[in-house]
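Read the figures in this text as sums done on the coordinates, not as results from a lab. As the structure is a prediction and not an experimental result, all values here were calculated from the model. Note that we place each Cβ from the backbone using ideal geometry, even for glycine, and neighbour counts take in every protein chain shown.
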Amino acid sequence: MQKRWKALASLFKENMLEIILEEMEFYAFHGMYPEEKKLGNKFTVHLRVAIKNPSSLVDYSQLYQLVAQEMNSNAVSTLEELSQKICNCIKSHYPQIYRITIEVRKHLPPINGICKYAAIRRIQQY
């Protein structure tokens, strides 16, 4: 039993580093409706990536470029699909990342009512 507690305690002693990029703004053409794909919309992305080894370098300007690349690539229909594409792209460039938390907001979504934004939050653990 004591070995188990020591192993658990060692998990809490590990260094962890989280890199945060907040309120990245893009104008893109993602959406389900033809009008969204034609006219586009404003999107905001909040990103957190976690690494266990602080000496593992992750370039935050490169992270921004990877998000921008996916935001400006081929349009997808859903925020869920968009967030997954961004996670896959980031993980392929930085295999040392063990967790990605991303929130993607679509401003003034096409709904029959007043809504500042629609959003999804994905927490991807590797």
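Among the numbered criteria (1) touching a Pro at 6+ places or on another chain (Cβ under 7 Å); (2) touching a residue at least 60 places away in the same chain (Cβ under 8 Å); (3) of a type outside the set (Phe, Trp, Tyr), which single criterion is violated by ALA118?
So ALA118 meets the others, but not (2).
Have a look at LEU82, LEU66 and point out the one that is in contact with a Cys (Cβ under 9 Å, 6 or more places away or on another chain) and in contact (Cβ under 8 Å) with a residue 12 or more places away in the chain.
LEU66
Kindly provide the set of residues from the stretch 22-63 that are free of Cβ contacts under 8 Å to residues at least 40 places away in the same chain and more than 23 Å from GLN124 (Cα to Cα), ordered by number.
Matches in the stretch 22-63: TYR27, PRO34, LYS37, LYS38, LEU39, GLY40.
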